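First the structure, in the form of structure tokens, and then the observations on it.
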Amino acid sequence: MRLTTERTRRGWSRSELARRAHMNPSTVSLIEAGRLVPYPGQLRKLAKALGIRQADADWLLVDDTDHEESACVGSGGRS
């Protein structure tokens, strides 16, 4: 999940992201695990804490495990 990727890229723990987003750490853990779909307000808080535009907040929920393949497709197709 891109939320996890963005958090770890910054070197933050789940607790740190939760603190910055004014959320409960267990809520962040459940969202990252895909066991909880965040309310729009929660998603906005996470985006703000990570410096992501509010309009792009739903991007944080995209599964990025196929990152290399999607990057290849996004750059004009597979080679």
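The values are calculated or read from the model by the stated rules, or taken from the named source; none is laboratory data. Computed from a prediction, not measured in an experiment: that's the story for all the values here. Positions of Cβ are generated from backbone atoms using ideal geometry, with glycine treated the same way; all protein chains shown enter the neighbour counts.
Some notes on this structure:
- Residue count for region 1-60 under the criterion of being of a type in the set (Ser, Thr, Tyr) and within 9 Å of the chain's Cα centre (by Cα): the result is 2.
- The one condition from (1) in a helix (DSSP H, G or I); (2) at pLDDT below 95 that Gly34 does not meet is (1).
- Given (1) farther than 11 Å from Met1 by Cα; (2) in contact (Cβ under 8 Å) with a residue 12 or more places away in the chain; (3) assigned to a helix (DSSP H, G or I), number of the condition Ile52 does not satisfy: (3)
- Considering (1) modelled with pLDDT of 95 or more; (2) of a type in the set (Lys, Arg); (3) part of a loop (DSSP other than H, G, I, E, B), the lone condition that Arg78 does not fulfil carries the number (1).
- Considering residues of region 1-38 that are crowded, with 16+ Cβ neighbours inside 10 Å and of a type in the set (D, E, K, R) only, the residue nearest to Val62 (Cα to Cα): Arg2
- Cross-chain or 6+ apart pairs with Cβ under 8 Å, region 10-29 first and of a type in the set (Phe, Trp, Tyr), then outside any loop (DSSP other than H, G, I, E, B) and surrounded by 13 or more Cβ atoms within 10 Å (Cβ to Cβ): Trp12/Arg20
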